Structure formats: C-alpha cells, structure tokens
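What follows is a short report on a single structure.
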Amino acid sequence: MQIYLNTYGTYLHVKDDMFEIKVPGDGGESRKQHIAAHKITSIVMSISGALSTDAVILALKNNIDIIFTKADGHPMGRIWHSKLGSTTKIRKRQLEASISKEAVTFTKEWITEKMTNQLEFIKDLKKHRPQMAEFLNDKITRIENLVVSVGKLEHDKIEAIADTVRGLEGTAGRLYFETINYVLPEQYQFNGRSMRPAKDAYNAFLNYGLGILYSRTEKSLMLAGLDPYVGFLHRDDYNQKSMVFDFIEPYRIMVETTVFRLFSAKKVNKAHTDEITNGITLNKEGKELLITALNGYMESETIRYKGRNQTRANAMQQDAHTFANGLIGNKTDISTDDDS
C-alpha cells in the first residue's frame, strides 16, 4: 500500500520496529496507527508534518521511498534507497534509443495505446447512453482516424515527427474531454482542460490524481533501471522528467476513469474543494476521497493482463520492466505479482 500523510501536524516515527503514525485529534489527543514496513511500498507527505530519522532508516531498509509533494499532488522530491536495481547497460541503451528509430516506434506505441484507451472509454459510455449515440459515434470516428494517422507516421528520428504526434494527440485529447463533459451531470460540466490552477472541480481532481500517477510512474521506471529524465517525445528541458511524461501516457486512463466514476456517481460536492486565486484546489476531504478511490482502482481491483491476474499497479510495473528488458535485447516479461 501507499501511505498518504496529508493532515497538518502528523508525525511519523518508529515503535516496536513498526511505523507509528500520530495524527492530531480535535480534543488534543493524537490518534495512533501502527503499520508493518513490509506492507508499505511508499510514503507520501504533502502538508506540514514531521518524520523521524528512525522512520527514514526503516523505510530505506525496506526499499520504501518517501515522496514529498506540492499541495496539488505533484512530486517535489523523494528519498530513495541507494540500491535501485538499475544498470548502466539499460540507461546507455535508453540514451541510444532516444536518438534512433526506436524512439519513433516506442512513442507511436504509447500514444496509440493512450488514444485506444480513450476510444474504449467512449465506447463504454455509448453502451449505457443510447440517446447520445450520434454524438458519441462522431467522436469515436474522429479519434479512430487520428489513431490511423499516428500509425502512418514514419521517420528515423522522433524530432522530425514530434510536433505532428503532439498535434494529433492534442486533438484526440480535446475530443475526448469534450465527450466526458457532454455526458457528465450538468453541475459538474467544465470548459476544457485547465492545469495549474484548475478552473473547476473536475480538473482539480484530475490534476491531483495525475500528480499521484506521475510519482508512481517515476518509481516504476527507476525500479526497472530506467532514467526518468531521458525521454523520447517530450523535450529534454532542464530538470524535466521527460521519460515519465512519455511513459505515463497509456496509464492516464486510470486517473481519468477514477475521477469520472466519482463525478458520475455524484460523490463529489463543494465540501471537497476550496477556492484559491484564479482557480480551485482539492482540500483534505477531496484528497482523501480521490486517494481512496484511486488506490482501490490501482491496487485492489484485479485485471487479466498478459496471462496473469494482477492489479493495475503491478501491470504498470511489469510494463516498465518489459520496456527496459526490450532495450537490452531481453524479451522476457517480468512479473511483479504471483500468477493466479
């Protein structure tokens, strides 16, 4: 599990070789929770809290990363174990691939999968909304054409087609979010994607969820021995984790599905967000609602993936290992879960 510490004044330390979390109570007495280290994959801290050096050491011994995030969920930094399992060979090959035709192949694969996920989402919406069939069919056809266009792109260097790929991807995203907005209850509808800050509650939930997913994606890449900064499609700007932005594309649907479920089921209300300058942000209650739902979708629900029953989080980690092994010529899939 991932542990999220987002209450002001929370204190994480060690007691009896277990993590003890102290959360301030309304009456002055703290609530305490004890969790064994082997049950935790990462610890996320987002609001003024404290942790002891003993807690850091216990985390390092058990390969648990400690992540520090901004209020919107985007990671600012992390404490890692020094033995990440990465190899120089993988990272050398990743760099070589970034300037070869391999970058084109991988990029097309990731963007096509992202668009295909969007298509499947809309097709699923159509099953339960026959009255909207004409509108949804139009979006399906247009995105299908964009998928075909991506598939036809060919070049030896990703730089030569990068702008075209981004344009096709952006058009598909606009059509996709127009569709989501169209089918949402009227009180939740929004006017396109807005980032930081979000202009509405729907985008505030999306942005925070994607912040969580960015952190998970970075960890998956590093555990597979990959460099999060050496990307293919996204530019290598200063301190930009380009490979995280590349590799995350097919998995955005996990956050988008979770957020859509919350809003379509009318589980979100004004008590989950706060107004800030020029926008909207999630408050403590909103973060808890989203984190619980997203963790359940990624870590509790199982899917049949590559011949195994596993969680979506494990499937993403397996894909990272498969990508890394493919770079060095090892085509064997690495399972991150037991066969079921």
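Throughout, read-outs are computed from the coordinates displayed, never taken from laboratory work. Remember, it's a predicted structure, so these values are computed and weren't measured experimentally. Every residue, glycine among them, receives a Cβ derived from its backbone with ideal geometry; neighbour counts consider all protein chains shown.
Based on this model, can you work out whether Gln118 counts as surrounded by 12 or more Cβ atoms within 10 Å (Cβ to Cβ) and in contact with a Gly (Cβ under 8 Å, 6 or more places away or on another chain)?
The answer is yes for Gln118.
Taking the options Ile158, Ile180, name whichever one is in contact (Cβ under 8 Å) with a residue 12 or more places away in the chain and closer than 23 Å to Met132 by Cα.
Exactly one residue qualifies, and that residue is Ile180.
Looking at region 274-294, which of the residues that are part of a helix (DSSP H, G or I) and buried (at least 22 other Cβ atoms within 10 Å of the Cβ) is farthest from the chain's Cα centre (by Cα)?
Gly286
So which residues in region 274-312 are among the polar types (S, T, N, Q) and free of Cβ contacts under 8 Å to residues at least 40 places away in the same chain?
Asn283, Thr292, Ser300, Thr302, Asn309, Gln310, Thr311 - these are the residues of region 274-312 that are among the polar types (S, T, N, Q) and free of Cβ contacts under 8 Å to residues at least 40 places away in the same chain.
Exactly one of these conditions fails for Val44: (1) under 20 Å from Gly211 (Cβ atoms); (2) touching a Pro at 6+ places or on another chain (Cβ under 7 Å). Give me its number.
For Val44, the exception is condition (2).
Listed residues Tyr176, Tyr182; which is under 26 Å from Thr141 (Cβ atoms), surrounded by fewer than 18 Cβ atoms within 10 Å (Cβ to Cβ) and not basic (Lys, Arg)?
Tyr182
So, in region 247-273, of the ones that are in contact (Cβ under 8 Å) with a residue 12 or more places away in the chain and not in a helix (DSSP H, G or I), which residue ends up farthest from the chain's Cα centre (by Cα)?
Going through the qualifying residues, I end up with Lys266.
Would you check which residues across region 96-137 are over 15 Å from Arg166 (Cα atoms), part of a helix (DSSP H, G or I) and among the charged types (D, E, K, R) and list them?
Glu96, Lys101, Glu102, Glu120, Lys123, Asp124, Lys126, Lys127, Glu134
Please work out which residue is farthest from Lys270 (Cα to Cα), limiting yourself to region 166-200 and to residues that are aliphatic (A, V, I, L, M) and out of contact with any Gly (no Cβ under 8 Å at 6 or more places or on another chain).
Leu168
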